[in-house]
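Encoded as structure tokens, the structure appears first; notes follow it.
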Amino acid sequence: MLTRRHFLGASLATTAYAAGSFVPVWAQNAPGWGTPSLPNPGFRKMALGDVEVISLNDGITRRPLGEEFVKNAPLPEVRALLASQGLPTEYIDVPYTPFLVVAGGRKILMDTGLGEFGGPTTGKTVEQLRAAGIQPSEIDTVLITHYHGDHINGLRNKAGEFTYPKAKVMVPAAEHAFWMDDARRDAAPAGLKGAFENVRRTFSTMPASMLVPFAPGAEVAPGITPVAAYGHTPGHTLFELKSAGQTFYYLGDLTNVPALFARNPDWAVTFDMDAEAARKTRRDIFQRITASKALVGGFHFPFPAFGRMAAAGAGYAFEPAG
């Protein structure tokens with residue numbers, strides 16, 4: 001759990017919300033850097049044992065790469081790592097990718113994207129669902145990894161209506177307790193005030209029959225178990241899916257931009273609220289999943305956003321599915 005020191009010391013310059021808005025500034029394209037190209041089609045299906053996993057590209061935003069993005073490494077070193085992988089060094093493209101599990105009659109969505117609260121190159125999750133042949137009304141469960149806006153804003157539209165009206169919305173109990181705490185909201189630095197307000201917009205009037213907090217370790221749906229991965233946020237949680245002897249991990253924001261933070265797990269992205277805890281969590285989880293050779297999917301991984309992790313030097317490399 002975050003201490004007061006971690007909470008007040010979090011780097012907030014790029015996680016701030018625009019004044020009077022629920023749109024995080026980091027989820028909007030930076031002027032002058034061009035527009036990222038979105039994948040077409042923007043969904044990819046993968047069989048896992050007896051179930052199907054579908055990645056759903058909610059969109060991509062492009063932001064300049066500045067000194068603040070990696071909090072504990074010099075910018076020339078960050079750019080050199082990107083260049084060694086043939087990637088741009090002046091800007092970062094950040095994808096947003098929820099995942100859907102189709103298991104028998106169940107349709108379980110993991111995270112929701114930005115919905116109507118992002119820029120024009122985001123908010124595509126419902127469009128991708130329909131392209132994959134699924135209507136929002138068919139979703140029976142939504143699993144949330146954490147309460148950053150790009151993961152929860154797709155739960156409701158700007159009118160306040162629920163995007164997935166028949167779904168149970170299952171949330172990490174530790175995450176919910178942190179963001180719904182009035183004392184923490186009141187003590188928050190200015191850059192986090194909008195995030196607290198956004199959480200309340202999303203959850204404060206959600207019926208108790210819809211909102212279901214969970215603790216790590218117990219199944220939240222058949223074959224799906226939450227795994228505590230605290231650090232990025234106080235209650236950040238991964239999901240482990242097992243079916244017919246195969247395993248898939250939805251990593252959420254365990255690493256933001258795997259070309260940087262998987263390759264160098266000790267680097268801290270500006271969005272990590274407790275950088276020390278997040279680094280330890282990254283190394284522990286990456287060691288676990290590489291040893292098991294499990295499939296993985298990451299919210300900010302390049303499309304199709306699932307594949308495998310392999311040891312690479314002092315860190316790990318993401319190997320996308322073909």
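The values are calculated or read from the model by the stated rules, or taken from the named source; none is laboratory data. Treat the numbers as computed from the prediction; the structure is a model and nothing was measured. We place every Cβ from the backbone using ideal geometry, glycine too, and count neighbours over all the protein chains shown.
Check every one of the strands (runs of 3 or more DSSP E) wholly within segment 61-111 and list those with 1 or more residues that are closer than 23 Å to A312 by Cα. Working first, answer last.
Working: elements: 91-96, 99-103, 106-110.
Filter on segment 61-111 gives 91-96.
From the list E116, E67, E127, which residue is free of Cβ contacts under 8 Å to residues at least 12 places away in the same chain, surrounded by fewer than 19 Cβ atoms within 10 Å (Cβ to Cβ) and not small (G, A, S)?
E67
Any residue at all in segment 213-224 that is among the charged types (D, E, K, R) and part of a loop (DSSP other than H, G, I, E, B)? Give the derivation first.
Of all residues in segment 213-224, those among the charged types (D, E, K, R) come to 219.
Imposing the further condition that a residue be part of a loop (DSSP other than H, G, I, E, B) reduces the set to 219.
Scanning segment 213-224, I find at least one residue that is among the charged types (D, E, K, R) and part of a loop (DSSP other than H, G, I, E, B), so the answer is yes.
Can you tell me which of P265, P213 is more than 26 Å from R156 (Cα to Cα), in contact with a helix residue (DSSP H, G or I) (Cβ under 6 Å, 6 or more places away or on another chain) and of a type outside the set (F, W, Y)? Give the derivation first.
Values: P213 fails: more than 26 Å from R156 (Cα to Cα).
Only one candidate qualifies: P265.
Restricting segment 54-67 to residues that are under 14 Å from N256 (Cα atoms) and of a type outside the set (A, V, I, L, M, F, W, C), which is nearest to the chain's Cα centre (by Cα)?
Quick first cut of segment 54-67, residues under 14 Å from N256 (Cα atoms) only: 60-63, 65.
If we keep only those that are of a type outside the set (A, V, I, L, M, F, W, C) as well, we get 61-63.
Numbers: T61: 14, R62: 16, R63: 17 Å.
Applying the filter and picking the extreme gives T61.
Examine segment 229-242 for a residue that is over 16 Å from the mean Cα position of the chain (by Cα) and either closer than 30 Å to L192 by Cβ or not hydroxyl-bearing (S, T, Y) (or both), and state whether such a residue exists. Give the steps one after another, and end with the answer.
As a first pass, look at segment 229-242 and keep what is over 16 Å from the mean Cα position of the chain (by Cα): 241-242.
Of the ones still in play, those that are also either closer than 30 Å to L192 by Cβ or not hydroxyl-bearing (S, T, Y) (or both) are 241-242.
Yes, there is a match, as at least one residue in segment 229-242 is over 16 Å from the mean Cα position of the chain (by Cα) and either closer than 30 Å to L192 by Cβ or not hydroxyl-bearing (S, T, Y) (or both).
Kindly indicate whether L251 is touching a residue at least 12 places away in the same chain (Cβ under 8 Å), more than 13 Å from the chain's Cα centre (by Cα) and within 28 Å of D93 (Cβ to Cβ). It would help to see each step written out before you state the result.
Working: touching a residue at least 12 places away in the same chain (Cβ under 8 Å): yes; more than 13 Å from the chain's Cα centre (by Cα): no; within 28 Å of D93 (Cβ to Cβ): yes.
For L251, the condition - touching a residue at least 12 places away in the same chain (Cβ under 8 Å), more than 13 Å from the chain's Cα centre (by Cα) and within 28 Å of D93 (Cβ to Cβ) - is not met.
As an exercise: evaluate G307 against (1) free of Cβ contacts under 8 Å to residues at least 24 places away in the same chain; (2) over 21 Å from L81 (Cβ atoms); (3) surrounded by 18 or more Cβ atoms within 10 Å (Cβ to Cβ) and give the number of the one condition it does not meet.
(2)
Condition first: β-branched (V, I, T), assigned to a helix (DSSP H, G or I) and crowded, with 22+ Cβ neighbours inside 10 Å. Can you find one or more residues in segment 164-174 that meet it? Give the steps one after another, and end with the answer.
Here is the first cut: in segment 164-174, the residues β-branched (V, I, T) are 169, 171.
From what is left, the residues that are assigned to a helix (DSSP H, G or I) are none.
No; the residues of segment 164-174 include none that is β-branched (V, I, T), assigned to a helix (DSSP H, G or I) and crowded, with 22+ Cβ neighbours inside 10 Å.
For R282, only one of the following conditions fails: (1) under 20 Å from R62 (Cα atoms); (2) under 15 Å from the mean Cα position of the chain (by Cα); (3) not acidic (D, E). What is its number?
Condition (1) is where R282 drops out.
Hey, any hits in segment 66-85 for a residue that's more than 30 Å from G133 (Cα to Cα) and hydroxyl-bearing (S, T, Y)?
Step one: list which residues in segment 66-85 are more than 30 Å from G133 (Cα to Cα), which gives 66-85.
Subset that is hydroxyl-bearing (S, T, Y): 84.
Checked segment 66-85: at least one residue is more than 30 Å from G133 (Cα to Cα) and hydroxyl-bearing (S, T, Y).
Does segment 256-279 hold any residues that are within 18 Å of the chain's Cα centre (by Cα) and in a helix (DSSP H, G or I), and which are they?
P258, A259, L260, F261, A275, A277, A278, R279
Any residue in segment 202-221 that is in contact with a Phe, Trp or Tyr (Cβ under 9 Å, 6 or more places away or on another chain), under 30 Å from A73 (Cβ atoms), modelled with pLDDT of 95 or more and surrounded by 16 or more Cβ atoms within 10 Å (Cβ to Cβ)?
no
Name, by its number, the condition in (1) surrounded by 21 or more Cβ atoms within 10 Å (Cβ to Cβ); (2) at pLDDT 95 or above; (3) touching a strand residue (DSSP E or B) at 6+ places or on another chain (Cβ under 6 Å) that does not hold for N256.
(2)
Tell me which residues, restricted to segment 282-322, are in a strand (DSSP E or B) and of a type in the set (A, V, I, L, M, F, W, C). Before you say what the answer is, go through the steps one by one.
In the first step, residues of segment 282-322 are kept if they are in a strand (DSSP E or B); the result is 295-297, 306-312, 315-320.
Result: L295, V296, F306, M309, A310, A311, A312, A317, F318.
Those residues that are crowded, with 17+ Cβ neighbours inside 10 Å and either over 15 Å from T97 (Cα atoms) or touching a strand residue (DSSP E or B) at 6+ places or on another chain (Cβ under 7 Å) (or both), I need them from segment 148-163; list them, please. Step through it out loud before you land on a result.
Just the residues of segment 148-163 that are crowded, with 17+ Cβ neighbours inside 10 Å, to begin with: 148-156, 163.
G149, D150, L155, R156, T163, listed by residue number.
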